[in-house]
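Read the structure below first, then the notes.
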Amino acid sequence: MRRFLLILIVLCLVTWGTVFYLLFERDEQAAAALPTLMVLPSLTPSDTPTRTPLATDTPTATATLTPTNTPTATATFTPTLTPTLSTRVVEISAVMPGVYVPSTATDFPFGTILLSAPPLPIEPLPDATNEPPPYAGWYSFESDNPAVHYSTPWEPRLHASASRGQYHRSENVQSYASFSFEGEGLRIRYIAARNMGIFQVVVDGVVIDTVDAYAPELAFPGTRVYTVGRGTHTLELRSAQGRNPQSEGYVLGLDAVQVFRGTANTLIIPPPIETYTPTPQPMPAAGVELVGAPPTVQPTTTPIPPSLVTVSVVIAYDENGNRAVDPAEGVSGISVRVVEVGTNRVIAQAFTDSSGFAQLQVVTSAQARVVVPYFGKVWQLPNSRRGGNVRFTLLLTPGNQPGLIP
């Protein structure tokens, strides 16, 4: 096999050599001098042929496009931050019925002040009228504070022992004082005297205390401290329409309202109060009576129609001791009332004028009486069911003048 290939190569070389020789020989013959008819002296024949280069085509390199791999964009997943809670907000536990889970104590924030009740006020307290809100601690709202409202005008009076030297009073048992405040503690500073009645302390519509303001001498005490809880509350002071048996009247007086408001770090937690709820017990029947026929209808009384009664009262102090009402001896501003016997309900009320005269008209069918609470005087109305005119006169000694009574 190798010998065959070698012979084939030699033959190819001989063949290509012969071809090249023939091509060069033909070119030399074409370039030989041609005979001419004239001799050119400038041309000298040469025995050496001159090789004339021929133009050949030169290959020009052309750009060949080579396919290249183009990378394909692929989606890259970028991790995102997931928000997590550093503080536990709420925790839900599922408890099976009948399984007891003990409670876990919750810690109070740092700096929290725990109190079982508002602290007792130490007078004199700061006047809320002279300082802007918000208030912290104990503050005093005087009886003339713009936030204190009276359903009817109350009479202001001056006294050195009163808070800021002034207080307000009213003889009208239907009148009341109201005050809206924000705080956790409350205390009322009131007036006690021998003509004061019983009043109620009402907070948010609930009666939380009843106070008897009777005292043999004029004084300005305070109630106990009431815990009312955080938030906005409404206070009302109103007459209980009652009095101490030794009292001479039903007067209601207000000196100041004292309010305690804790700071943001103060928390008042009252101690639990144990209450006893009685269990109802079945009671045996008092007796069983068998009735063979319907009971006999008992006769009913016919109510007496109400009638008009005009009551005239004159109150004066006998300055000259003649036991008669003289000019300029009348006592003004004294409350005169007509009340029902048994219920003590006030039917009518009036105040004496500058001459000491007061007149009331009552329409009633019940037994009634005329009362002057200021002096503790009572008159029975005779035949009040039949109507008519009744007149009463009250003479006082000079020592019992109203100016000496608070």
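The values are calculated or read from the model by the stated rules, or taken from the named source; none is laboratory data. Since the structure is predicted, the reported quantities are computational estimates derived from the model, not experimental observations. As a convention, Cβ positions derive from the backbone with ideal geometry for all residues, glycine included, and neighbour counts pool all protein chains shown.
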>> Within region 216-229, take every residue that is assigned to a loop (DSSP other than H, G, I, E, B) and among the aliphatic types (A, V, I, L, M) and give me the one that is farthest from Pro124 (Cα to Cα).
In response: Val228
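Could you go through region 249-263 and let me know if any residue there is exposed (fewer than 15 other Cβ atoms within 10 Å of the Cβ), in the same structural domain as Ile122 (by TED's automatic domain parsing) and part of a loop (DSSP other than H, G, I, E, B). Spell out the reasoning first.
Step one: of region 249-263, the residues exposed (fewer than 15 other Cβ atoms within 10 Å of the Cβ) are 263.
With in the same structural domain as Ile122 (by TED's automatic domain parsing) added as a condition, the list becomes 263.
Now drop any that are not part of a loop (DSSP other than H, G, I, E, B), which leaves 263.
Yes, there is a match, as at least one residue in region 249-263 is exposed (fewer than 15 other Cβ atoms within 10 Å of the Cβ), in the same structural domain as Ile122 (by TED's automatic domain parsing) and part of a loop (DSSP other than H, G, I, E, B).
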>> Given the criterion in contact with a strand residue (DSSP E or B) (Cβ under 8 Å, 6 or more places away or on another chain), assigned to a strand (DSSP E or B), of a type in the set (Lys, Arg) and more than 24 Å from Pro153 (Cα to Cα), identify the matching residue among Arg337, Arg323, Arg369.
In response: Arg369
> For Val378, all conditions in the list (1) surrounded by fewer than 16 Cβ atoms within 10 Å (Cβ to Cβ); (2) modelled with pLDDT under 85; (3) under 29 Å from Ala192 (Cα atoms); (4) not polar (S, T, N, Q) hold save one; what is the number of the exception?
Replying inline: (2)
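Can you give me the number of residues within region 168-215 that are of a type in the set (S, T, N, Q), farther than 16 Å from Thr232 by Cβ and outside any loop (DSSP other than H, G, I, E, B)?
Narrowing region 168-215 to residues of a type in the set (S, T, N, Q): 170, 172, 174-175, 178, 180, 195, 200, 210.
Now drop any that are not farther than 16 Å from Thr232 by Cβ, which leaves 170, 172, 174-175, 195, 200, 210.
Of the ones still in play, those that are also outside any loop (DSSP other than H, G, I, E, B) are 170, 200, 210.
The qualifying residues number 3.
Across region 180-211, what is the number of residues that are basic (Lys, Arg) and over 25 Å from the mean Cα position of the chain (by Cα)? Quick ask: steps written out before the conclusion?
As a first pass, look at region 180-211 and keep what is basic (Lys, Arg): 187, 189, 194.
Still in the list and also over 25 Å from the mean Cα position of the chain (by Cα): 189, 194.
Residues flagged as basic (Lys, Arg) and over 25 Å from the mean Cα position of the chain (by Cα) within region 180-211 amount to 2.
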> Considering region 170-181 alone, what residues qualify as being surrounded by fewer than 21 Cβ atoms within 10 Å (Cβ to Cβ) and either touching a Pro at 6+ places or on another chain (Cβ under 8 Å) or hydroxyl-bearing (Ser, Thr, Tyr) (or both)?
Replying inline: Ser175, Tyr176, Ser178, Ser180
